[in-house]
1. Could you run through the stretch 293-309 and say how many residues are outside any loop (DSSP other than H, G, I, E, B), more than 12 Å from the chain's Cα centre (by Cα) and within 16 Å of L137 (Cβ to Cβ)?
2. Kindly provide the set of residues from the stretch 183-212 that are touching a strand residue (DSSP E or B) at 6+ places or on another chain (Cβ under 9 Å) and assigned to a loop (DSSP other than H, G, I, E, B), ordered by number.
3. I need the full set of residues from the stretch 308-337 which are among the hydroxyl-bearing types (S, T, Y), open to solvent by 20 Å² or more (accessible area, probe 1.4 Å) and under 23 Å from S127 (Cα atoms), in order please.
4. Is one or more of the residues making up the stretch 572-584 open to solvent by less than 60 Å² (accessible area, probe 1.4 Å), among the aliphatic types (A, V, I, L, M) and within 12 Å of L619 (Cα to Cα)?
5. With the requirement that a residue be open to solvent by 10 Å² or more (accessible area, probe 1.4 Å) and among the hydroxyl-bearing types (S, T, Y), what does the stretch 248-264 give you?
6. Out of G163, G262, G183, which single residue is on the phi < 0 side of the Ramachandran plot and among the small types (G, A, S)?
7. If you check N445 against the conditions, is it out of contact with any His (no Cβ under 8 Å at 6 or more places or on another chain) and either among the hydroxyl-bearing types (S, T, Y) or buried (at least 24 other Cβ atoms within 10 Å of the Cβ) (or both)?
8. Might you let me know whether the stretch 456-473 holds any residue that is aromatic (F, W, Y) and outside the structural domain of E412 (by the TED database)?
Amino acid sequence: MAVRAGAGLVLLFVLFAAVLAAQTITNHNLSGKYYFCQLLFSTDGSENITDIRSLSGSINFDGAGNFSFNGQQSVGAGQPSASGGNGTYSVDPAGIVTLTNPLSALLTLNARWGAVGGSEALVIGSSTETSGSTFDLFVAVQAPFTPASNASLSGKYFVGTLGFAQGLGTTVRDSFFSLQPTGLGGFSDISVAGHAANVSNGAPQSQTISGATYNLQTDGSGTALFPLAIGTDSTQQLLAGNESIFISSRGRLILGTSSEAGRHDLLIGVKAGDGLAWWDKFWSAGLRFETGGQASSYSGSLFSDATGNLTFSRRVHQLQPAGAVTYNFTGANSYRLQVNSSGTAGLTSVALGADGNGFVGAGVNAQESTVYELYLGMRLPGLSGPGVFLHPQGIVNGASFAPPGDPIGPGEFISLFGSNLAPATHTAVPPYPPVLGGVTVTINNLPAPIYLISPNQINALVPYSTTGSTATIVVINNGQTSNPVQVPVAQTAPGIFSLSRNGIGNGAVLHSDYTLVNSANPAKRGETVLVYLTGLGAVNPPVFDGTAGGSNPPSKATAVVNVLIGGIPATVPYAGLAPLFPGLYQINVVVPGDIQVTKTTPLPLAVQTPDSFHDQVDLLVSP
C-alpha cells in the first residue's frame, strides 16, 4: 500500500493532547543499614537449573557509593554458610541505582530506590545487563532504627513467594496468601494458594499451614518456622521449613529466605490495608520461571490510574529458544482489587499495602500452570527543584506515555515535564525549529527540534544522530539552564498513539481509505490498516532533524519491524515515516485472516523491534 501525503492529518488531534497532570536524589539518599534477600539461578536453555544460590543478611551503604554486606549464603544443595563482601553503587537523580551484585561480582544490579513511607526505604532490582542465562531478584529494606520485638509484627500482611525445593526447576513453586502474626511469636492458620511444578502438573493448590511461629531479635532480624502437615514432605508443601526473616524500619515489610540446605526461596510481605487506591507511579522488579525454560527477570516502573488500568516500562532479561536476550518492554494490564486491597493484575495475584505505597504479586493463576513469578514495587520518590527544573522521572514517549525508564530513540517524539520550562505556551509548524519562544532543548549537546513549549511540558524530537547507551537532556529557558537529566537510549523506542490520548485503549489506526478504525467501523480480517506511532528510529532515505518524511520515495525504517495482532504475527508491507508530520511513523499492517473472532473484539496490537516490545493498545477487529 502506498504512503499517502495527508493521511496523518486525520490523526493530528492525537499528537500530544494529553498532559501528565523533594529535591533530586543522590548517593547520599541511599545510606545506613538495610536488610536484604536475593535469589539467583542460571539455566542451561531448558528448564534445567545449572546453578542456584540465595543470600540474605545486612547491607550497609555509606552514602558515598560504597557498601558492605554480611549474611548467610546457600549454594546448590549445600548448607548455608557465612558470606560477606563489599561493592559500589550509584544513584541517579530519578532514583535508578546501579549496584555491584552481592552474589556475583561479575554482574551489576539494575535497581531502583524508593520508599513505602517516611524512613522506610527499599532497593529492588535484578541483573538485566548480562548476556548469560542468569536471572535474579534483589530486595533490600531499611532496617529498624529502634529495638524490635515479636510485637513489631502486627495486623495482616499479604505475602508472595517464589521457591525451588531441592534447588531444581522441576520443583519450582510460587504462592500468595495473607499472614496474620499474633504479636507473640505465632501466626494464625495460613491458607496458602499457589502451585508447584511437581504437584498435580502445576495445577492450583490450596493448603493450610497450622502452628507456624516466628521470633524477632531486637535488630529486626529473626526466624520463622512453617511446619509440615502430617503426611506431607517438603517438596509437596508450597511453603515449608525454616526461614530467615527481616522486617523494615516501620514493620510494614517482611523479607525472608530459606535457611535450610538445598531449599532456595524468596518471601516478600507487605502490610495490608482495606480500601487502598492504586494510583500514581511505582518502581517495580520481578523474577519469573516457566517450566518450558523461558526464565526472565526485570526492573522498571508502572503507572496505575486507580480505575483498573496499569501501564508499565521494563528492562527485561529473558531466556528465549535462541538464547538469552535483554530488551525494553512497554505494556498494559488491567487489575481489580477487592475491599481488602488484594486481587488480580493481568494473570497474577497482587495486593496493595503499606498505606497504598507498595505492592507484592505472584504468578498464581489457573490459566498459567507453567508460570511461576514473584514481583514487588514501591511508590516513586517525589522530586522537585528550583529554577528551570526538568523532572528526572518526567521524560516519556510522546505517544505511549510509558512510565519512567523507557529509553528514547532517534527520531522519537518525546514529552518533557518539569517546572519553569518556558515562559508561555507556543507551538511550531514543520519543519520544527531548534529554538521556540526562547527555549532550546539539547540531547547530548545536540539541538532537538521543538514542537510545543509550555511552563510544565515540552514536546520535542530526538535528533537522529543520537547514539550510545545514555543521553543527557538539558532545557534552556531564555538563558536559564535546567538540571541535566540522563536517560537510556535505544535504536528504537516504539509507542503507538491511542484514541484516548493516554497510550492505552484503542490505537490510532486508519483503514486504507483513511477513515478511523473504531467501534462503528472496526478492522476486518485480511484488511490492510495504517497504524500511527513514534519511535521506530533511523530511516532510509534519511531526513533532516525536525522535517517530515516524503512520499516518493517514502522514508522506511531501517530496523526490522514486526507486528502481532491478538498474539498472531501480521504481514507488514511498510514501516517508516508518515508524510507531512515530523516524528510521526506509520506501519501498514495486514490483519491476519486466521484471527478467531465472532464479534467486534479489541485485540492486543503489539510492535516488536530488535531491542523493544511495545504492547499497550488494542485494535478493534470484526469477523
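The values are calculated or read from the model by the stated rules, or taken from the named source; none is laboratory data. Values in this document were obtained by computation on a predicted structure and should not be read as measured data. Virtual Cβ from ideal backbone geometry, glycine too; neighbours counted across all protein chains shown. Note: areas computed on protein heavy atoms with side chains; ligands, DNA, RNA excluded. Shrake-Rupley method; radii C 1.70, N 1.55, O 1.52, S 1.80 Å.
1. Of the residues in that region, 1 qualify.
2. Within the stretch 183-212, G185, S188, D189, A197, N198, V199, A203, P204, S210, G211, A212 qualify.
3. Of everything in the stretch 308-337, those that are among the hydroxyl-bearing types (S, T, Y), open to solvent by 20 Å² or more (accessible area, probe 1.4 Å) and under 23 Å from S127 (Cα atoms) turn out to be T326, Y327.
4. no
5. Listed by number, the residues that qualify are S249, S259.
6. G163
7. When the stated conditions are applied, N445 does not pass them.
8. No, the stretch 456-473 contains no residue that is aromatic (F, W, Y) and outside the structural domain of E412 (by the TED database).
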